[in-house]
Amino acid sequence: MIDRKALLNDLKQQVKAVEADLGRQVKALGDVGARLRSEYDQARKLGRTAATWTSWLDERVTQVAVAWVLGTVFVRFCEDNRLI
């Protein structure tokens, strides 16, 4: 049986770790930061966001981190249940 509270707490910690790593990667890899900045500038220009660059980037990093962690959980579930 899965301990849902423990799993949730563990996954929250994992998301924080992935967020920190992604944040470092965005800063270290100039082309990634430039592409994200271009995407942000376009969103601002079209009125799709009113967020600051830093706020927008933090939200984007969080979305990617959560997607990464949930994706790995899904794959692990499929493996454990012999679906793949």
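Bear in mind that the values in this text are calculations on the coordinates, not laboratory data. In this text the structure is predicted, and so the values were computed from the model without any measurement. Cβ atoms come from the backbone with ideal geometry, glycine included; neighbour counts cover every protein chain shown.
Between I2 and D58, the contour length at 0.36 nm per residue exceeds the alpha carbon distance by 17.1 nm. Phi angles across region 32-43 convert, under the Karplus curve 6.51 cos²θ - 1.76 cosθ + 1.60 with θ = phi - 60°, into 3J(HN,Hα) values of 5, x, 5, 5, 5, 5, 5, 4, 4, 4, 5, 4 Hz, Gly and Pro given as x. With a Förster radius of 22 Å applied to the beta-carbon distance between V75 and N9, the computed FRET efficiency rounds to 0.60. Axis of helix 4-28 versus longest Cα principal axis of the chain: the two differ by about 30°, to the nearest ten degrees.
Recomputing Cα extents along the principal axes in Å from the coordinates shown identifies the correct label among (i) 130, 19, 9; (ii) 33, 28, 24; (iii) 49, 26, 26 as (iii).
Compared with the dominant principal axis of the Cα atoms in the chain, helix 53-80 is inclined by about 20°. Using only side-chain charges placed at the Cβ, +1 for Lys and Arg and -1 for Asp and Glu, the dipole size of the chain relative to its Cα centre rounds to 200 debye. Each helix, a run of at least 4 DSSP H residues, gives -39500 (n - 2.57); summed and divided by the residues of the chain, these come to -29000 deg cm²/dmol at 222 nm. Projecting the Cα atoms of L70, L11, Q42 onto the charge dipole of the chain (Cβ charges, centred on the Cα centre) puts Q42 farthest toward the positive pole.
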